[in-house]
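The values are calculated or read from the model by the stated rules, or taken from the named source; none is laboratory data. Since the model is a prediction, treat every value here as computed from it, not as a measurement. When we count neighbours, we look across all protein chains shown, and the Cβ atoms used for this are built from the backbone with ideal geometry, even at glycine.
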Amino acid sequence: MSDLEVWRKKIDEIDLKLVELLNERAHCAREIGKIKLHMGLDAYTPEREEEVMRNVTSHGQGPLSAAAIRRLYERIIDESRSVERVFMETQKKKKSKENS
């Protein structure tokens with residue numbers, strides 16, 4: 001196996017792990033949405049999102065700059081917020097139909 005093939009295989013393995021972790025993160029976001037709905041809170045929490053950004057950008061000790069990590073996490077957070085929001089809206093509609 002050439003060096004190129006070795007590195008590509010490693011990236012493929014990392015990509016699969018990343019997808020697994022992103023799906024796990026989305027599951028956590030849905031659970032957070034469930035809790036927020038119960039507490040009457042909004043899906044969007046700018047303070048928490050900024051806290052996440054500070055946390056992940058402070059660990060940038062590699063080839064990715066803090067700005068690059070921030071750009072990646074902006075998209076990840078957008079998707080997590082969407083998962084929360086969709087779950088919360090679905091649950092509200094379901095509850096509304098049950099109460100009709």
Checklist entry - Which residues, taken from segment 17-44, are β-branched (V, I, T), closer than 17 Å to Y73 by Cα and surrounded by 11 or more Cβ atoms within 10 Å (Cβ to Cβ)? => result none
Item to check | Selection from segment 29-45 of residues that are within 14 Å of the chain's Cα centre (by Cα), in a helix (DSSP H, G or I) and without any contact (Cβ under 8 Å) to a residue 24 or more places away in the chain | outcome: E31
Item to check | Single match in K97, K93 (criterion: surrounded by 10 or more Cβ atoms within 10 Å (Cβ to Cβ) and either assigned to a helix (DSSP H, G or I) or not basic (K, R) (or both)) | outcome: K93
Next on the checklist: Which condition from (1) in contact with a helix residue (DSSP H, G or I) (Cβ under 7 Å, 6 or more places away or on another chain); (2) touching a residue at least 40 places away in the same chain (Cβ under 8 Å); (3) assigned to a helix (DSSP H, G or I) is the one that M53 breaks?
Outcome noted: (2)
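What residue, among those in segment 74-99 that are under 21 Å from I32 (Cα atoms) and basic (K, R), is modelled with the lowest pLDDT? Break it down stepwise before answering.
Taking segment 74-99 and keeping what is under 21 Å from I32 (Cα atoms), we get 74-96.
Still in the running and basic (K, R): 75, 81, 85, 92-95.
On the way: R75: 96, R81: 91, R85: 91, K92: 88, K93: 89, K94: 88, K95: 84.
Per the stated criteria, the residue is K95.
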Checklist entry - Across segment 45-73, what is the total count of residues that are at pLDDT 90 or above, within 16 Å of R25 (Cβ to Cβ) and surrounded by 13 or more Cβ atoms within 10 Å (Cβ to Cβ)? => result 6
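Kindly establish whether K9 is surrounded by 11 or more Cβ atoms within 10 Å (Cβ to Cβ) and at pLDDT 95 or above.
Working: surrounded by 11 or more Cβ atoms within 10 Å (Cβ to Cβ): yes; at pLDDT 95 or above: yes.
Here the answer is yes, as K9 does meet what is asked.
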